[in-house]
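Taking it in order: structure first as structure tokens, then the write-up.
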Amino acid sequence: MEHFFTCPYCWERISMVLDPEEETSDYIEDCEVCCRPIELFFTFSGDSLVSFEARKMEGI
């Protein structure tokens, strides 16, 4: 599932493909615009995305 969100560093709208098979996930992905690391946290219920958060990495 493609999900659009705003980078917490450069404020550009970017997209990411999320896998609904992973009910809960947290990982780090670089912004496709500014290349800075973003902490991503998301939760699915079935095929529905129920929560999503993109945060700046602490200390970066």
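The values are calculated or read from the model by the stated rules, or taken from the named source; none is laboratory data. Everything quoted here is computed from the prediction, not taken from an experiment. Cβ: placed from backbone, ideal geometry, glycine included. Neighbour counts: every protein chain shown.
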Restricting attention to region 18-54, report how many residues are in contact with a Leu (Cβ under 9 Å, 6 or more places away or on another chain) and acidic (Asp, Glu).
3
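Condition first: assigned to a loop (DSSP other than H, G, I, E, B) and under 23 Å from residue 50 (Cα atoms). Now tell me which residues in region 5-20 satisfy that.
From region 5-20, those assigned to a loop (DSSP other than H, G, I, E, B) are 7-12, 18-20; that's our starting set.
7, 8, 11, 12, 18, 19, 20 - these are the residues of region 5-20 that are assigned to a loop (DSSP other than H, G, I, E, B) and under 23 Å from residue 50 (Cα atoms).
Just to check your reading of the model, which residue among 25, 45 is among the small types (Gly, Ala, Ser) and out of contact with any strand residue (DSSP E or B) (no Cβ under 8 Å at 6 or more places or on another chain)? Give the derivation first.
Details: 25 fails: out of contact with any strand residue (DSSP E or B) (no Cβ under 8 Å at 6 or more places or on another chain).
None of the others qualify; the one that does is 45.
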Kindly provide the set of residues from region 38-60 that are among the aliphatic types (A, V, I, L, M), touching a residue at least 12 places away in the same chain (Cβ under 8 Å) and farther than 14 Å from residue 9 by Cβ, ordered by number.
49
Within region 36-60, can you find the residues that are in a loop (DSSP other than H, G, I, E, B) and surrounded by fewer than 10 Cβ atoms within 10 Å (Cβ to Cβ)?
46, 47, 58, 59, 60
What pairs come out if I take residues in region 21-37 that are under 20 Å from residue 50 (Cβ atoms) and pair them with residues that are of a type in the set (Val, Ile, Thr) whose C-beta lies under 8 Å away, six or more apart or interchain?
23/43; 24/43; 25/43; 29/38
Residue among 10, 31 that alone is within 12 Å of the chain's Cα centre (by Cα) and at pLDDT 90 or above
31
